[in-house]
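Below is one structure, written out as structure tokens, with a few remarks after it.
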Amino acid sequence: MAKGKKKTKFVPLDQIGKLESKKTEDNVNSSQKNESQSSTTETVAIEKPTTPNNTPKAPKSNNKNEKKEKVVKDEKEDFSTCIICTEDVNLYAVGVCNHPICHKCSLRLRILYESKECPYCKTELEDVIYTKNDKKPFEEYNLSDFVYRNKEKGSYYDSEDIKKIVENMEKYRCPDKDCAFVGDDWMSLKKHAKDVHSKFLW
């Protein structure tokens, strides 16, 4: 036999039908097996992840307004006591930022320390309203409607009595209740307290 020549295999006539039937059966089985594998793969691919307790995760909220309202609510503070001296407030000094403090601390900051900054948020307060109303915000006032005011100092008073209280404190009065001295400025009051009462003012 020549090298490389294939050997011919003869199949009896009565076996040809059986061979063809076996090939057809093998092809059907192979096709069913491929379909089964494909179905399993697709099922795994679309399976959704679950939390450790096998419960689907809740969808995240996209409502920005709810988050904003929560922040505003958390930032609300109680100003029934002054944030500087911690005493109960009877007469408020409120500026555009709506962080009221007591009128005494407001005057100390603006006159003695020459500072117009809000001690809470550092907003520059050009105008301050002195009032006993702790509910009404600054933006609901109309500064031009105030009868009692001092534009030069940026002071607005809710009543004549409040104006007298504030202006009386603005004077450099001697802290000794039995002394009627009123100084022209802070330095003259300090000198008086030291020379007459042997007290030091800071």
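The values are calculated or read from the model by the stated rules, or taken from the named source; none is laboratory data. Here the structure is a predicted model, which means the values were calculated and not measured. Cβ atoms come from the backbone with ideal geometry, glycine included; neighbour counts cover every protein chain shown.
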With the requirement that a residue be of a type in the set (S, T, N, Q) and in a strand (DSSP E or B), what does the range 155-164 give you? Ser155
Only one of Tyr92, Tyr120 is at pLDDT 85 or above, more than 24 Å from Glu167 (Cα to Cα) and surrounded by 11 or more Cβ atoms within 10 Å (Cβ to Cβ); which? Tyr120
Being buried (at least 17 other Cβ atoms within 10 Å of the Cβ) and closer than 21 Å to Ser188 by Cα is the filter here, so list the residues in the range 106-117 that pass it. Leu107, Leu109, Arg110
Can you name the residue in the range 161-184 that is touching a strand residue (DSSP E or B) at 6+ places or on another chain (Cβ under 6 Å) and surrounded by fewer than 15 Cβ atoms within 10 Å (Cβ to Cβ) and is also farthest from Lys135 (Cα to Cα) among such residues? Val182
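Let's see how each residue does on (1) under 17 Å from Val94 (Cβ atoms); (2) at pLDDT 95 or above; (3) assigned to a strand (DSSP E or B); (4) of a type outside the set (Asp, Glu):
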position	(1), (2), (3), (4)
Ile129	yes, yes, yes, yes
Lys135	yes, no, no, yes
Lys153	yes, no, no, yes
Ala193	no, no, no, yes
Every residue in the range 155-175 that is within 33 Å of the chain's Cα centre (by Cα) and more than 12 Å from Leu107 (Cβ to Cβ), please. Tyr156, Tyr157, Asp158
